[in-house]
1. Hand me the list of helices (runs of 4 or more DSSP H) wholly inside the range 561-654 holding 3 or more residues that are within 30 Å of residue 15 (Cα to Cα) and touching a residue at least 12 places away in the same chain (Cβ under 8 Å).
2. Any residue that is surrounded by 22 or more Cβ atoms within 10 Å (Cβ to Cβ), within 16 Å of the ligand (Cβ to nearest atom) and modelled with pLDDT of 95 or more - is there at least one of those in the range 394-408?
3. In the range 213-257, which residues are within 15 Å of the ligand (Cβ to nearest atom), outside any helix (DSSP H, G or I) and under 27 Å from residue 17 (Cα atoms)?
4. Just give me the residues in the range 210-226 being surrounded by fewer than 24 Cβ atoms within 10 Å (Cβ to Cβ) and either touching a helix residue (DSSP H, G or I) at 6+ places or on another chain (Cβ under 6 Å) or under 19 Å from residue 38 (Cα atoms) (or both), in sequence order.
5. Using the structure shown, decide if residue 368 is more than 16 Å from the ligand (Cβ to nearest atom), surrounded by fewer than 24 Cβ atoms within 10 Å (Cβ to Cβ) and not in a loop (DSSP other than H, G, I, E, B).
6. Please go through the range 420-456 and give me each residue that is under 29 Å from residue 327 (Cα atoms) and without any contact (Cβ under 8 Å) to a residue 60 or more places away in the chain, ordered by number.
7. Among the candidates 479, 461, which residue alone is farther than 22 Å from residue 243 by Cβ and in a strand (DSSP E or B)?
8. What are the residues in the range 711-730 that are in a loop (DSSP other than H, G, I, E, B), at negative phi and within 16 Å of the ligand (Cβ to nearest atom), if any?
Ligand code: MOS
């Protein structure tokens, strides 16, 4: 196939709408007669609500209702797989009882005429508690790690072993055995979570920030015990999400409860502070990695044990040790994953979940090993490059890691690096260069799409997908343009409505593979239907033409070899008097997943400059080279990668949610104290893509992009910090004081 749209650096089709303010985000869908809801959060970390003085507040100006567990409706909460499987716990039931399970749990909702009235009343609502001390620190000796329930169902979460890893490490002439920690982090997208809920009899419309509209629809239907078709979710634009909107959090239920209670539309927007305890977080993790190697640098054993935190009521799991048994050639590998239930809210997927955290430990340990061996860290990785996935004993569908290291090394100038720690300087600054491997699974899930060819020659394409920033509007427009043979300007792609054909969550880097493949199928079906119409139309020059004689080019149907005008989609639609409509769906074909190990790979290089006197760490450059199959839009792909790198800078050097051990309160729940990279923290970032053709993953040849951009960045930076200072920091984020003692 000669691509006409796929692979082109099309600028964002929604760019103008975004910069002019025409794009409507959830909270922009104000409804006539709308009221405002504000959630009142528990101010203790564990216990019971002993009293709520709502009478006083109900008399305050503008207040319409105060909803607590005393007057809230009893909700159905039917079983529903809302990201977390029902086997792994039960979602928080809001305002159903007096129990407080974590700091910040909603204990009341105030509904008022204006946001000001609602905020004032919420602040004035007196709530008393019978409190007990919560356990929120996973390193507390009373905290117990458990085997995740899902270990019995999901290989990525189960303990895995080949050979005798512990024995191999014990006997290895060269070994590393260290513990790595990563702080709790919060997603902190620009756009806060927001829901506007409006009931019309038994039908509920939610204008609601969501990365997974069809799930939000099904989840809220299950909460209220009503048919899913009675719920519509609308979310055409997302101001960043990074995983936090994959779940339908309790505030969506509360908005719907409030709207029903007052009989008017209700708008509920979370505050920045509330987003620190109510909408998931990257769990704190503690990992042990032990490596054994020969003096020549051949890995003989890998042990990776990781523990994450979760809530008491649900087990949130992420693929913390997922990459460890396929990344390197090694006969003896053992991985283990555990969870520590704590008195906090449930964590959630955040920016490369699992893989990003796990690879920090693994790729730091590999770097440590390289110094112990006196082997260049890039050379060490190449020396242990596997020929196949040794964990599953099957070939990779494609794996360009060596090419990524070659391209990345060259663009970064790795050859200029001198191996000794503290050996590179720029004036009085210590310079460090570090590298790390990135990898992320190439997932695909069943998805559906619809194409409508209109009389004016425009193709309307729709799917219940989301675009949280990667450019889904644009890339899907390109896919449709490609398979319809139309210029992208003649394609209108709509997403963000649960009523559109169903798609999987907008996460896991699988949107292009899943939704893109469905759009491709729908376009092919629409084209076939258009041809059928042309052949069935006795006024058409193509009437009864044999199928084999016809061909499409540039959106026109002609007899093969003929050069005339042929028929455009618009012509065919006009002649038949009705739009051509076709549905398409796609899922990963046949036994591809059984036969191939499918992952993206990348090589990330970072340069840091550290002031030896005051310990400030500046990232100077990051260069990433990735093999992600086909690149649908290089402009968007680069943008996604540099965005991921910025997230990685945050993870490496800044982001940490600190809980008060006495009550589980996040003490830095605001943008002043939860540090994230700002413009001055962001250096030159380069993303390169190796030419990679993967004939197995799907017909589009795409492996997906997004999460891998974050994976590998934090260890590359940490490894650069070691190279600069000779100080190995095994706990993220790396602080000034960690390197000051160097
Ligand atoms: Mo992503 S953490 O799957 O939104």
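1. 634-653
2. no
3. Correct list: 235, 238, 239, 240, 241, 242, 243, 244, 245, 246, 247, 248.
4. Within the range 210-226, 218, 221 qualify.
5. Numbers: more than 16 Å from the ligand (Cβ to nearest atom): yes; surrounded by fewer than 24 Cβ atoms within 10 Å (Cβ to Cβ): yes; not in a loop (DSSP other than H, G, I, E, B): yes.
Here the answer is yes, as residue 368 does meet what is asked.
6. Result: 420, single match.
7. Checking each option against the conditions leaves just 461.
8. Step one: list which residues in the range 711-730 are in a loop (DSSP other than H, G, I, E, B), which gives 711-712, 726-730.
Subsequent filtering for residues that are at negative phi retains 711, 727-730.
Once the filter is applied, which keeps residues that are in a loop (DSSP other than H, G, I, E, B), at negative phi and within 16 Å of the ligand (Cβ to nearest atom), the range 711-730 yields only 711.
The values are calculated or read from the model by the stated rules, or taken from the named source; none is laboratory data. Since this is a predicted model, take the numbers as computed values, not measurements. When we count neighbours, we look across all protein chains shown, and the Cβ atoms used for this are built from the backbone with ideal geometry, even at glycine.
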